[in-house]
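Structure, as C-alpha cells:
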Amino acid sequence: MINGKTKLFAIIGNPVSHSLSPAMHNAAFAELGMNCAYVPITATNIKETVAGLRHLGFGGASVTVPFKEEVIPWIEDVDPKAVTIGAVNTLVFDHESQGVPARCRGYNTDWIGSNRALYQAIDLHGATALVLGAGGAAKAVAYGLVHSGTVVTLANRTMEKAVTLASELQCAAISFDQLPTHSADILINTTTVGMSPHSDRSPIPAELLPHFRVVMDIVYAPLETRLLREAKSSGCKVIDGLDMLLYQGAEQFSLWTGTEAPVTVMRKALERALDIH
Ligand code: NAP
C-alpha cells in the first residue's frame with residue numbers, strides 16, 4: 001500500500017518499458033515488508049532527471065541505456081570502480097536533513113552481478129576467460145574478471161574496440177579468426193547475438209564449445225539461448241543472463257536499504273516478468 005511514508009526508487013533510461021527491474025525490486029520490498037516502491041521513468045534529459053529525483057526525495061535509482069556514461073558528471077561522489085569502468089548503473093541519494101537537496105553517490109553493480117553469477121560455477125582467481133564483445137556490458141564483465149584475478153582475453157567483431165578495451169584493462173585481445181585455436185576455463189557472451197527475435201543465432205560455432213568448462217550468456221531473452229543449449233550439449237556448466245541481472249540488482253538493493261536482498265524471491269519475480277515480456 002502506497003502512503004505518505006512510501007520511499008521511492010526508480011529505473012531511469014530510454015526506453016524502460018521493457019525493463020524487468022521493477023518486478024524484481026518491488027518483489028524484494030514486498031517480501032521484506034518495506035514501505036518502498038520502484039517505478040520506471042522514461043528520461044529525455046539526464047541532468048534534469050537526476051535533479052528531479054534529488055529534489056523529489058527519491059532514495060535511489062537504477063540507470064540504464066543510454067545514460068550509464070552520460071550520468072557521471074551529475075553525481076557528486078562516483079565510486080572509483082565505476083570511474084574505471086566509465087559507467088554508473090546505480091544512484092544513491094543521501095537525504096541528510098529536511099529542506100536540503102540530497103547528495104548523490106554513483107556505483108557500478110554490473111561487474112559485481114557478473115562475478116557473483118560466475119562464482120556459482122567456478123573460482124575466478126587464477127582462472128582463464130574469453131569474453132566475446134567489447135560494448136558497455138563487456139567493459140563491466142571484463143573489469144570484474146580482471147579485478148578477481150582472472151586472466152582475460154577479449155574478442156570482438158570490430159577488432160579495434162577489443163584492442164582499446166584490452167589496453168584499458170591490461171588484458172589480451174584476439175580476432176574472431178583466432179577463436180578456433182583459443183581455449184579457456186570460462187566463455188562469456190556479452191554481444192547481442194542470440195537475442196530475441198534472432199534467437200536462432202549463436203556468437204561462436206558449436207564445435208568450439210568443448211574448449212570451455214563454464215559458459216555464461218548475459219543475453220536473457222530468450223533465457224536459454226542457442227549458445228547455452230549447445231554449451232550444455234557439449235558438457236559445459238551454463239549460467240543464464242538472469243543471474244547477472246539478479247545479482248547486480250541484489251547489490252543495488254543492499255546499497256539502497258542496507259539490507260541483504262532476498263535473491264530467491266527476486267529471481268522468481270524476474271522469471272515471471274520474462275514470461276509476460
Ligand atoms: P552494446 O554496447 O551495444 O555492445 C554490443 C556488442 O555486441 C558489441 O561488442 C558488438 O560488436 C556486438 N555485436 C552486435 N551485433 C553483432 C554481430 N552480428 N556479430 C558479432 N558481434 C555483434 O550492448 P551492451 O549494452 O554491451 O549489451 C550487450 C548485451 O548484453 C545485450 O543483449 C544486453 O541486453 C545484455 N546485457 C545483459 C545484462 C544482464 O544483466 N544480464 C546487463 C547488460 C547488458 P561491434 O563492436 O563489432 O559492433
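Go through the stretch 44-102 and give me each residue that's acidic (Asp, Glu) and assigned to a helix (DSSP H, G or I).
Passing the criteria: only 48.
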**Message:** Scan the stretch 139-152 and tell me whether some residue there is in a strand (DSSP E or B), in contact with a helix residue (DSSP H, G or I) (Cβ under 8 Å, 6 or more places away or on another chain) and of a type in the set (A, V, I, L, M).
**Reply:** yes
**Fill in**
If you go through 140, 184, the only one that is within 11 Å of the ligand (Cβ to nearest atom), out of contact with any Pro (no Cβ under 7 Å at 6 or more places or on another chain), touching a residue at least 40 places away in the same chain (Cβ under 8 Å) and among the aliphatic types (A, V, I, L, M) is 140
**Complete:** Of (1) without any contact (Cβ under 8 Å) to a residue 40 or more places away in the chain; (2) within 30 Å of residue 19 (Cβ to Cβ); (3) surrounded by fewer than 20 Cβ atoms within 10 Å (Cβ to Cβ); (4) away from the ligand (no atom under 16 Å from the Cβ), residue 147 fails just (1)
**Fill in**
All-but-one check, residue 86 against (1) more than 13 Å from the ligand (Cβ to nearest atom); (2) surrounded by fewer than 17 Cβ atoms within 10 Å (Cβ to Cβ); (3) within 15 Å of the chain's Cα centre (by Cα), failing number (1)
**The lone exception for residue 203 - which of (1) within 10 Å of the ligand (Cβ to nearest atom); (2) without any contact (Cβ under 8 Å) to a residue 60 or more places away in the chain it fails** = (2)
**Item:** Which listed residue, of 91, 20, is modelled with pLDDT of 95 or more, surrounded by 14 or more Cβ atoms within 10 Å (Cβ to Cβ) and touching a strand residue (DSSP E or B) at 6+ places or on another chain (Cβ under 8 Å)
**Value:** 91
**Prompt:** So how many residues does the stretch 154-203 have that are more than 20 Å from residue 83 (Cα to Cα) and crowded, with 21+ Cβ neighbours inside 10 Å?
**Reply:** 12
**Asked** Which one is surrounded by the most Cβ atoms within 10 Å (Cβ to Cβ), of the residues in the stretch 225-245 that are in contact with a Leu (Cβ under 8 Å, 6 or more places away or on another chain), among the hydrophobic types (A, V, I, L, M, F, W, C) and under 16 Å from residue 122 (Cβ atoms)?
**Response** 231
**Request:** Taking residue 127 as meeting all but one of (1) touching a helix residue (DSSP H, G or I) at 6+ places or on another chain (Cβ under 9 Å); (2) more than 19 Å from residue 251 (Cβ to Cβ); (3) surrounded by fewer than 16 Cβ atoms within 10 Å (Cβ to Cβ), write down the number of the exception.
**Result:** (3)
**residue 66, sole failed condition from (1) surrounded by fewer than 18 Cβ atoms within 10 Å (Cβ to Cβ); (2) more than 20 Å from the chain's Cα centre (by Cα); (3) farther than 23 Å from residue 216 by Cβ** = (2)
**Item:** Among the residues listed as 177, 275, the single one being free of Cβ contacts under 8 Å to residues at least 24 places away in the same chain, closer than 29 Å to residue 62 by Cβ and more than 19 Å from the chain's Cα centre (by Cα)
**Value:** 275
**Prompt:** Mind checking whether some residue in the stretch 208-224 is within 13 Å of the ligand (Cβ to nearest atom) and loosely packed, with under 15 Cβ neighbours inside 10 Å?
**Reply:** no
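The values are calculated or read from the model by the stated rules, or taken from the named source; none is laboratory data. Just so it is clear, the model here is predicted, and its values are computed rather than measured. Cβ atoms come from the backbone with ideal geometry, glycine included; neighbour counts cover every protein chain shown.
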